[in-house]
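What follows is a single structure, written as structure tokens, with notes after it.
The values are calculated or read from the model by the stated rules, or taken from the named source; none is laboratory data. Keep in mind that what you see is a predicted model, and the values were worked out from it rather than measured. Cβ coordinates were reconstructed from backbone atoms using ideal geometry, including for glycine residues, and neighbour counts include every protein chain displayed. Side chains included, ligands, DNA and RNA excluded: accessible areas come from the protein's heavy atoms. Shrake-Rupley method; radii C 1.70, N 1.55, O 1.52, S 1.80 Å.
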Amino acid sequence: MADCVCVVSEFRAGNFRRVSFEVASEGRRVADALGLPLYGIAVGSGVSDKAEELGFYGVDKVFVADDAALEHYVAETYVPVMAEIIQGLNPAAILLPASVDGKDLSARLAARLQAGLAQDCTEVVCENGVLKAKRPIFAGKCLAWCEWSQGALPMISCRPNVMDCKAADASRKAAVEKVDAAVPEARSRALSVDLDTSGKVELTEAEIIVSGGRGMKGPENFTILEELARELGAAVGASRAAVDAGWRPHSDQVGQTGKVVNPNLYIAVGISGAIQHLAGMGSSKFIVAVNKDPEAPIFSKADFGVVEDLFNFVPVFTEEVRVLKSTC
Amino acid sequence: MNIVVLLKQTPDTESVIRIAGDKRSIVTDDLKWIINPYDEFAVEAALRLKEKYGGTVTIVSLGPQRVVESIRTALAMGADKGVLIDDEVFEGSDSLGVAKALAAVVREINPDIVLCGSRAVDYDLGQRGPMVAEILNWPHLGLAVSLESDGAKVTIERPIEGGKVTLEVDLPALVTMGGSHAVWNPRYASLPGIMKAKKKPLDVKKLADLGLDASEVSGDAARIRITSLEPPPERAAGRIIDGGLDTAGKAKELVRALHEEAKVI
């Protein structure tokens, strides 16, 4: 019999990333369904001081490996440290963030633990003690339910921005146990970390995304989308056509060969809606399309469509958003 | 530099995906197969390393006979030889089973560097590279959008949420590739390349050639499996904001609808 459910948190630049709290919340639901305590694993530099915060989201006890050598994620140091902690806990399941680092970590940790990994899940259910996880495949063109074999350790990485996050209960602090983990010598190392401090919203975590495609006609025209994004507190994305044309960096690309996004609102501007793009943004909760071609396939996915020349429409729309924001 | 590229064949990204009658697999009859785009970036990165340092590029893949076509494409781009693991025992294997098989071939080749895609555009498991590295007990760096090497170590840039990290690793190591076509601009196979590729060695291996036991890697050994597939939820037919409104009227109406009906702004 297993003794707990484990959740792995992600700590960067002095704080837990929000996805850690989403994973903790989901872990709490799984632990309750299985009637087990929920243990957290927190690895990083300076993480001890924050570890009890995981309790706000349902974690009972946090095992902390705090070492200056763990300031930046590299698999070679994180995986052995986490594996050692986990092996002492005998978990029924491990939940992790499907963030950039989390997906990389999950894969290597799964191999180390000989576990079964369901990567980038959007739903976890537990029926009669049996776990099932749902994950999009083909960038969301299809959804797959996964189950584990008898005796296999389930690992579930959770897609950011999808699973419900509990409201923080600051009165519920987690117990914290420091672990004296030996950080192995590594052949890989982080030379530098450049975090954008301009407040730019990351696509995979954005509540609202404004995306531009071939219809933008050139890189300079994205300023009108950036203005709209600023009013909405949105991130700016792009279709593959716009990225391949060199108008936007590849980190902005939404689609099957780019990022798969799940915002509350996705505004597709001058994007015709190639099947690869529709795959990457199709799970957005609400979709708006602006395109002058009424036959554009994007309209078949959009909740609201506007058939207009984007260069006429977007500035006027931005102004209307500004008016709304100033009155509420 | 002795380089291995782990290559997966995937359906073309333009494919319409249909669920098969067993509700657990997809219909493959009419699919067009391509090199997984991220693995194609790995082929390109490998060829650039070879141009700088010499050596050989070996393509290693696992899958049915049709995968030969994708390996030949990589050979036509300039890779030197191919290895295909083709054995029915891998039907239903999980990522770990596949990684064990790939690692067995890599171990035999004993390269300086292994490159592969950070993810595949089909099942998007994102596990192959890190798992192979773990089995080999090698370091790995993930999601490279640039790759520089002095022959003894490799430096990459890795985008993370809200920024980027520059990472370095001493060889031998495994690197998984991120980025886009615009970043890597993988070369096309030239006609002479295609002719030459036909004569390049392509080894087909069975389970017995890998020194592995079926109980470690087969479908029966899988720790995790897909039990059912479902289509994504249909979106209800949308509404075109028109009603004879002019541009300003449509903008006003869209803002109202997003605020009052959809409640998303």
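Averaged over peptide B:234-246, the number of partner chain Cβ atoms lying within 10 Å of each residue's Cβ comes to 4.
Among the listed pairs A:Lys134/B:Lys8; A:Lys141/B:Lys32; A:Lys103/B:Lys8; A:Lys61/A:Lys166; B:Lys50/B:Lys199, which have their C-alpha atoms separated by more than 27 angstrom in this model? Exceeds cut-off: none, every pair is within range. Against the main long axis of the alpha-carbon atoms of chain B, helix B:247-256 sits at an angle near 80°. In this simple spin-label approximation, A:Ala69 and A:Ala182 carry label points 7 Å from Cα along the Cα→Cβ vector, and these lie 1.0 nm apart. Take the Cα of A:Ala2, step 7 Å toward its Cβ, do the same at A:Ser171, and the gap between the two points is 3.1 nm. Note on A:Glu295 and A:Ser326: their simple-model spin labels are 4.2 nm apart, each label 7 Å out from Cα toward Cβ. On chain A, 48 percent of the accessible area sits on carbon and sulfur atoms, based on a 1.4 Å probe. When +1 charges are put on Lys and Arg Cβ atoms and -1 charges on Asp and Glu Cβ atoms, the dipole computed for chain B relative to its Cα centre reaches about 480 debye. If you sort the three axes of the alpha carbon gyration tensor as a ≥ b ≥ c, you get a/c of 1.5 or more for the protein assembly as shown and a/b no higher than b/c, which makes it oblate.
In terms of the mean number of neighbouring beta-carbon atoms within 10 Å, the peptides A:48-60, B:55-67 order highest first as A:48-60, B:55-67.
Residues whose amide H comes within less than 5 Å of that of A:Gly237, counting only those at least five positions distant or on another chain, are A:Val210, A:Ser211, A:Gly212 (H built at 1.01 Å from N in the peptide plane).
Restricting the stretch B:76-143 to GluC sites (Glu not before Pro) that sit in a DSSP loop and have at most 16 other Cβ atoms within 10 Å of their own Cβ leaves B:Glu91.
Among the residues of A:127-140, the average count of other protein chain beta-carbon atoms within 10 Å of the residue beta-carbon is 3.
Centroid-to-centroid, using Cα positions, the stretch B:138-166 and the stretch A:136-151 are 29 Å apart.
Summarising the amide proton neighbourhood of B:Asp87: residues at separation of 5 or more, or on other chains, whose placed amide H is nearer than 5 Å comprise B:Gly63. Peptides A:181-189, B:187-195, B:79-87 ranked from most to least packed give B:79-87, A:181-189, B:187-195, packing being the mean of other C-beta atoms within 10 angstrom over each peptide's residues.
Across the options B:Ser215, B:Ala173, B:Met131, the greatest Cα extent toward the positive end of the charge dipole of chain B (unit charges at beta carbon of Lys, Arg, Asp, Glu) belongs to B:Ala173. Along the stretch A:113-118 the Karplus relation, 6.51 cos²θ - 1.76 cosθ + 1.60 evaluated at θ = phi - 60°, assigns HN-Hα couplings of 8, 6, 9, x, 9, 9 Hz to successive residues, with x for each Gly and Pro. Residues in the stretch A:237-253 carry Karplus couplings, in order, of x, 8, 7, 4, 4, 5, 6, 5, 6, x, 7, 9, x, 4, 5, 8, 6 Hz; the curve used is 6.51 cos²θ - 1.76 cosθ + 1.60 with θ = phi - 60°, and Gly or Pro positions show x. For the peptide B:15-25, the mean number of other protein chain Cβ atoms found within 10 angstrom of a residue's Cβ is 2.
This model, with +1 at the C-beta of Lys and Arg and -1 at the C-beta of Asp and Glu, gives the protein assembly as shown a dipole about its Cα centre of some 820 debye. Here the sum of -39500 (n - 2.57) over DSSP H runs of 4 or more residues, divided by the residues of chain B, equals -8500 deg cm²/dmol at 222 nm, to the nearest 500. Which angle from 0 to 90°, rounded to the nearest 10, does the C-alpha axis of helix A:310-327 make with the longest principal axis of chain A? Relative to chain A, helix A:310-327 is tipped by roughly 60 degrees.
Inter-part distance, the stretch A:243-315 to the stretch A:186-241, computed on C-alpha centroids, equals 14 Å. For B:Ser25, A:Ser300, B:Ser70, the ranking by accessible surface with the largest value first comes to A:Ser300, B:Ser25, B:Ser70, using a 1.4 Å probe. Computed from the C-beta positions of A:Ala13 and B:Arg107, the FRET efficiency with R₀ = 41 Å rounds to 0.60. Listed by chain and number, the aspartates and glutamates whose C-alpha is less than 17 Å from the C-alpha of B:Lys200, apart from same-chain residues fewer than 8 away, are B:Glu69, B:Asp80.
Using the beta-carbon distance between B:Gln65 and B:Glu234 and R0 = 51 Å, what value does 1/(1 + (r/R0)^6) give for FRET efficiency, to the nearest 0.05? The pair B:Gln65/B:Glu234 has a calculated efficiency of 0.90.
For the stretch B:212-265, GluC sites (Glu not before Pro) are listed when DSSP marks them as loop and at most 15 other Cβ atoms sit within 10 Å of their Cβ; the list is B:Glu234. For the pair A and B, the buried accessible area comes to roughly 7400 Å² in total, with a 1.4 Å probe and the value rounded to the nearest 100.
Please work out whether the stretch A:203-327 counts as rounded, prolate or oblate from its C-alpha gyration tensor, where a ≥ b ≥ c are the square roots of the eigenvalues and a/c under 1.5 means rounded, while otherwise a/b larger than b/c means prolate and anything else oblate? Rounded is the answer for the stretch A:203-327, as its axis ratio a/c remains below 1.5.
Rolling a 1.4 Å probe over the heavy atoms of the protein chains gives the protein assembly as shown an accessible area of 39 Å² per residue.
By the Cα gyration tensor, the stretch A:4-178 has an equivalent ellipsoid whose semi-axes, rounded to whole angstrom, run 23, 18, 16 from largest to smallest.
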